[in-house]
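Encoded as structure tokens, the structure appears first; notes follow it.
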Amino acid sequence: MEFRNVTIVDGTGAAPFVGDVVVEGDRIVEVSVSTPPADGPGQATGLVLAPGFIDVHTHDDVQLLSTPDMDFKTLQGVTSVVVGNCGFSAAPSYADLPMGPSFATMTDYFAALDNEPAAVNATVLVGHGSVRSAVMGFKENREATSDEMAAMSARVIEALDAGAIGISSGLAYEPGRYSGPDEMKQLVGLVADAGGIYTTHMRNEANGLLDSIDESIAVAETTGAPLQISHLKASDRSVWGEVVPALEKIEAARARGVDVMFDQYPYTRGSTFFDQVANSGAFEGQSEFGSLSPEEVLIASAPGRPEWEGRTLAQVADDEGVDTRTMIDRIVTELDRRCVVILDRMCEEDVQTVMSHPEMIVGSDGVYGGSRPHPRLHHTYPRILGHYVRELGLLELPRAVQAMTSAAAKRFGFHDRGVIEAGAYADLVLFDPETIIDTGTYMDPKTVPTGIEGVWVNGTLVVENGAITGERPGLALRHR
């Protein structure tokens, strides 16, 4: 397979050049600058060839097995994903899981991924919340005993031995919110010893944002583990602008030798589980999710209640003829953790401030399911390339691609991926820089982005002219 006279953005941040790329099997074997033909100047195709995009923050653990075509990722140019984020992973399993499949051990999960390949590559984090739930249960609001810590440690070690690249925490959620810094330091210390990474959905992204930055950095500084702060943002009107001192804290930590970075999705609305928001006290005042009004909560997924999807909490309460508090309790009782909502929380200025920082890596944080999932599930990467690169000029194309490819690959251990060079795996995306754009909205999020001409995973074509091919060449990549 050969690509001729394409504009190559190689993922390193270097300037684009018109060149040729030759692929044999699953590897790139040659990259060269195009030579003009003898009878006149060569004409570039106008298309950009870049490394396949790496989504470092996903919740696709189940989808890799249940929807292995992964069209919601490949159609936007994603060729690799990191699963197990925000403290929740498909292993170890625990009682009352809201969805499946789940697995008793990470060894079992990797075996399933090997036996049933998906269209994309995947690396796996073990979720602290899953580990804690497996040992202590989901609702235990107390410190772990020494025996429980030993049991949790054993599960983390099993996951690392199986190939997990690190551990994630979701300290804003149950059961993560019940654990303290000492618990996290002990478990993250095991990850550091194994050369893994610690990612965190911090304890509070609203009025406790800066304290949560300090807590996260302290865990990394004590253990020596690389720290990845998930979806950095200021998630309440009262703290808009605090991304600036948050970034200053990160820069200060990096200056004294702490390996800390962060990822981001390009939207002002977030998405999460409704029961966690309701149980946090967000509708009664400040919480780790900020202070919410019923008008700021859009229901994305309500299994068994499709009429609620695409409606705000205020609208659903009005439709059902009840007050907001009654509706909140009804949703939690009826749907438990199966209801996913979209929250109107951030401001555009903060999004652009975070995106402009040189340590930013892109991650979608999309949650699959329902008729109206957050559009970031389908559109994160075209949105950055179309809106923030082409339309706003906030990022130069090479830097944007770097944040989606080589920076992500280096951070999360995707060896020989994320760059276009001889010897690298042929994870590639071909797109038109003049037309690529997100097309999804909050009311119609499942549309196909425009401008993606082709996507290859390990040298195999998985997307052609905006449609999936049905091929599933993805690999489960283990930590090494």
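Every number here is computed from the coordinates shown, using simple stated rules; none is lab data. Values in this document were obtained by computation on a predicted structure and should not be read as measured data. Cβ coordinates were reconstructed from backbone atoms using ideal geometry, including for glycine residues, and neighbour counts include every protein chain displayed.
Computed quantities for the displayed model
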| read-out | value |
| --- | --- |
| Compactness index (Cα Rg / 2.2 N^0.38 Å), segment 332-480 | 1.14 |
| Share, in percent, of DSSP beta bridges within the chain that are antiparallel, nearest 5 | 60 |
| Residue among 129, 86, 172 farthest towards the positive dipole end of segment 60-197, charges placed on Cβ | 172 |
| Anchor residue 446: aspartates and glutamates whose Cα lies under 17 Å away (excluding residues fewer than 8 positions away in-chain) | 60, 69, 71, 309, 365, 438 |
| Paramagnetic reach from residue 295 (point 7 Å along Cα→Cβ, amide N under 12 Å) across segment 313-336 | 314-315 |
| Proximal aspartates and glutamates to residue 249, defined as alpha-carbon separation beneath 12 angstrom and excluding residues fewer than eight positions away on the same chain | 211, 214, 215 |
| Dipole of segment 192-270, positive direction: furthest Cα of 192, 241, 210, with charges on the beta-carbon | 241 |
| Segment 111-240, dipole about Cα centre (Lys/Arg Cβ +1, Asp/Glu Cβ -1), debye to the nearest 20 | 340 |
| Span per principal axis, largest first, for the Cα atoms of segment 301-387 (Å) | 48, 23, 20 |
| In sequence order, calculated HN-Hα J values of segment 400-412 (Karplus, 6.51, -1.76, 1.60; Hz; x Gly/Pro) | 4, 5, 4, 5, 9, 10, 5, 5, 5, 4, 5, 5, 10 |
| Label-to-label distance, nm, for residues given as residue 114 and residue 218 (7 Å Cα→Cβ offset) | 4.1 |
| Segments 252-261, 190-199 sorted - mean Cβ within 10 Å per residue, highest first | 190-199, 252-261 |
| Förster radius 51 Å - calculated FRET efficiency between residue 352 and residue 153 (Cβ-Cβ, nearest 0.05) | 0.80 |
| Between 0 and 90°, nearest 10: helix 209-223 axis offset from the chain longest Cα axis | 80 |
| For the chain, size of Cβ-based charge dipole, Lys and Arg +1, Asp and Glu -1, in debye | 320 |
| Per-pair calculated FRET efficiency, R0 = 45 Å: residue 4 and residue 334 via Cβ, rounded to 0.05 | 0.20 |
| ³J(HN,Hα), Karplus 6.51/-1.76/1.60, whole Hz, each residue of segment 331-337, x for Gly, Pro | 5, 4, 5, 7, 10, 6, 8 |
| Calculated semi-axes √(5λ) of the Cα gyration tensor in Å (choose from [x] 36, 25, 22; [y] 31, 25, 22; [z] 39, 30, 21), label | [x] |
| Placed amide H near residue 199: partners under 5 Å, 5+ positions off or other chain | 167, 168, 169, 228 |
| Residue 415-residue 145 pseudo-label distance in nm [points 7 Å out on the Cα-to-Cβ vector] | 4.2 |
| Label zone at residue 318, where the point sits 7 Å out along the Cα-to-Cβ direction: segment 332-370 residues whose backbone N lies under 18 Å | 344 |
| 3J(HN,Hα) from dihedral phi, segment 164-177, Karplus parametrisation 6.51/-1.76/1.60, rounded to Hz, x for glycine, proline | 4, 8, x, 10, 10, 10, x, 7, 8, 10, 6, x, x, 5 |
| Net +/- balance of residues flanking residue 47 in space, Cβ distance below 11 Å, scoring K and R +1, D and E -1 | -2 |
| Neighbourhood charge, 10 Å Cβ-Cβ cut-off, centred on residue 102 and excluding it, Lys, Arg +1 and Asp, Glu -1 | -2 |
